[in-house]
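Below is one structure, written out as structure tokens; comments come after it.
Just so it is clear, none of the values below were taken in a lab; they were calculated from the coordinates. Here the structure is a predicted model, which is why all the values come from computation and not from measurement. Cβ sites come from the backbone with ideal geometry, for glycine too, and all protein chains shown count toward neighbours.
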Amino acid sequence: MWDLLLLDGHAATLRDHAVDPWGTLREAAIGIQAGRIAWVGPRSELEGPAEEIAIECRSLAGAWVTPGLVDCHTHLVFAGNRADEFEDRLHGDSYADIAARGGGIQATVAATRAASEEALLASARTRCRALMAEGATTIEVKSGYGLTVTDELRMLRVARKLETLEPVRIVTTLLGAHACPAEFRSDPEAYVDLVCRDMIPQARAQGLADAVDAFCEDIGFSPSQVERVLEAATKAGLHTKLHAEQLSDQGGAALAARFGALSADHLEWLSDEGIAAMAEAGTVAVLLPGAFYALRETRQPPVKALRAAGIPMALASDCNPGSSPTTALQLMMSFGCTFFGLTPAEALAGLTREGARALGRAQDLGSIEVGKCADLAIWNIDHPRDLAYWVGGGRLQGVYFGGRLRGPNEGSK
């Protein structure tokens with residue numbers, strides 16, 4: 001017998017399907033056993049009365065079920081507040097202007113280094129719970145605001161602790177090459193040496209990182225420096241990802257694809273060459289409309305070209321203190337459609353199936369299919385397109401994490 005059988009609802013399974021992008025199942029039934037999906041299909045096809053094939057049956061009373069949301073790009077662990085920079089940008093300063101005078105990432109680095117591990121955990125937990133309240137069951141968390149071996153590993157330890165405190169899956173990414181710290185400003189190559197020689201191997205040895213990322217940009221690291229980081233990550237047996245083509249075309253997406261990166265993220269300045277390389281490598285495009293909105297950018301990622309090339313498009317919050325201070329995942333769906341031209345189905349797939357693919361977890365997460373983790377979001381909506389149509393949240397009715405209903409205080413804002 002199954003542990004649980006969910007009935008009387010409709011499912012957007014997000015299974016790959018050319019005819020119906022939602023993978024719609026009306027009057028669906030979902031059987032759950034040992035935290036995984038044991039059966040999914042129309043209730044009419046159940047092999048016997050519900051009470052005879054499941055220990056417990058629950059009615060969804062007409063609600064819609066989707067996979068739990070997967071936020072595949074966040075900077076959740078940090079200290080400090082950069083609302084002053086938001087105000088400066090409104091007065092005409094650019095992101096690069098603020099970074100040049102010691103603000104931006106460097107300001108958060110100073111605050112993060114000064115904070116205790118307990119303080120970092122407390123603030124990250126608050127943001128984590130806010131994402132959970134939006135339907136997130138899996139969250140990627142990057143380091144990148146420590147920029148020393150000790151502080152980067154400390155950030156990753158904090159991220160790992162989140163899933164011991166909350167019913168959520170955490171995937172960690174070492175982003176030591178986020179910015180060159182002030183103490184290495186005169187010799188950035190020496191800092192890249194530190195990342196490659198010490199930071200990556202120690203993160204790997206201590207089991208703290210699932211992947212390695214870098215910021216390939218004029219205000220970050222050059223393609224040749226990023227190449228060294230990706231080489232070191234590959235040698236350590238870690239997945240790779242890359243912040244690419246956000247503010248200019250550095251050829252980062254093609255570089256990431258050459259290393260078989262799971263994803264290239266941002267991509268507003270992505271070239272045709274980058275698209276071709278990503279398509280050949282199977283690298284996922286992660287679109288981040290929160291940063292596009294907060295920085296008041298005008299150049300959009302080439303969604304039509306990505307779609308034509310068959311490149312999977314994920315969507316994420318990019319939650320961070322400087323350029324995307326948000327935990328509003330449902331708003332990101334609306335932004336993805338309004339700013340970037342995604343369809344509502346693509347937006348939901350971007351925060352489920354393709355988000356899981358961008359983390360290398362598609363075998364377990366991101367769609368409602370037999371064998372996958374029973375991470376499910378229950379919505380009070382008339383159709384899944386409503387999640388992108390309504391501006392803002394408020395439609396989440398409940399979340400199952402590994403087949404267990406999350407409590408009313410878990411993931412509350």
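Can you work out the FRET efficiency for the pair residue 308 and residue 218, with r the C-beta to C-beta distance and R0 = 30 Å, to the nearest 0.05?
E between residue 308 and residue 218, to the nearest 0.05, is 0.55.
Quick one: which residues, 5+ away or cross-chain, put their amide H under 5 Å from the amide H of residue 316? H built at 1.01 Å from N.
Answer set, sorted by chain and number: 287.
Could you work out how far the C-alpha centroid of the range 236-277 sits from that of the range 28-49, in angstrom?
The range 236-277 and the range 28-49 have Cα centres separated by 40 Å.
Would you mind working out the magnitude of the charge dipole of the range 214-270 relative to its Cα centre, with +1 at each Lys and Arg C-beta and -1 at each Asp and Glu C-beta, to the nearest 20 Debye? Before the final figure, lay out each step's value.
Values: 4 positive and 8 negative charges, 72 e Å.
Roughly 340 debye, rounded to the nearest 20.
Evaluate E = 1/(1 + (r/R0)^6) for residue 391 and residue 272, where r is the Cβ-Cβ distance and R0 equals 22 Å; express this FRET efficiency to the nearest 0.05.
Details: r = 33 Å, r/R0 = 1.51.
Efficiency, from the Cβ-Cβ distance: 0.10.
Suppose a student asked you for the relative contact order of the chain, using Cα pairs under 8 Å spaced at least 6 residues apart; what percent would you report? It would help to have the intermediate numbers written out before the result.
On the way: 1001 pairs, mean separation 79.5, N = 413.
After rounding, I find 19 percent.
Hey, what angle do you get for helix 272-281 against the long axis of the chain, alpha-carbon based, 0 to 90 degrees rounded to 10?
Here the helix axis deviates by roughly 60 degrees.
Just the number: Rg to Rh for the range 303-404, Cα atoms, Kirkwood Rh, two decimals. Don't skip to the end; give the middle numbers.
On the way: Rg = 13.9 Å, Rh = 14.4 Å.
Dividing the radius of gyration by the Kirkwood radius yields 0.96.
Quick one: of the DSSP bridges fully inside the chain, what percent are antiparallel, nearest 5? Don't jump to the answer; show the numbers that get you there.
Values: 24 of 57 bridges.
Just about 40 percent of them are antiparallel.
What is the extension gain from residue 116 to residue 370, computed as 0.36 nm multiplied by their sequence separation minus the C-alpha to C-alpha distance, in nm to one decimal? Please list the in-between numbers first.
Values: separation 254, 0.36 × 254 = 91.44 nm, distance 4.29 nm.
Result for the pair: 87.2 nm of gain on full extension.
What is the range 1-58's relative contact order, in percent, from Cα pairs under 8 angstrom and six or more apart in sequence? It would help to have the intermediate numbers written out before the result.
Values: 112 pairs, mean separation 24.1, N = 58.
Value for the range 1-58: 42 percent.
Identify all lysines with a Cα-Cα distance to residue 142 below 26 Å; exclude those on the same chain that are fewer than 8 residues away in sequence.
Residue 142 reaches 161, 235, 241, 372, 413.
So what J values fall out for the range 382-398 if you push phi through Karplus, 6.51 cos²θ - 1.76 cosθ + 1.60 with θ = phi - 60°, rounded to Hz, Gly and Pro as x?
8, 7, x, 4, 4, 5, 8, 5, 6, 8, x, x, x, 9, 6, 9, x
Just from the alpha-carbon atoms, what are the Rg and Dmax of the range 1-94 in angstroms?
Rg and Dmax of the range 1-94, Cα atoms, are 21.3, 66 Å.
In whole Å, what are the extents of the range 286-343 along the principal axes defined by its C-alpha atoms, from largest to smallest?
33, 21, 16
Working out 0.36 nm times the residue gap between residue 34 and residue 205, then minus their Cα-Cα distance, what length gain in nm do you get to one decimal? Don't jump to the answer; show the numbers that get you there.
On the way: separation 171, 0.36 × 171 = 61.56 nm, distance 3.10 nm.
Here the answer is 58.5 nm.
Using the reciprocal of the averaged 1/r over all distinct C-alpha pairs, how large is the Kirkwood radius of the chain in Å?
Details: mean 1/r = 0.0466 Å⁻¹.
Kirkwood hydrodynamic radius for the chain: 21.5 Å.
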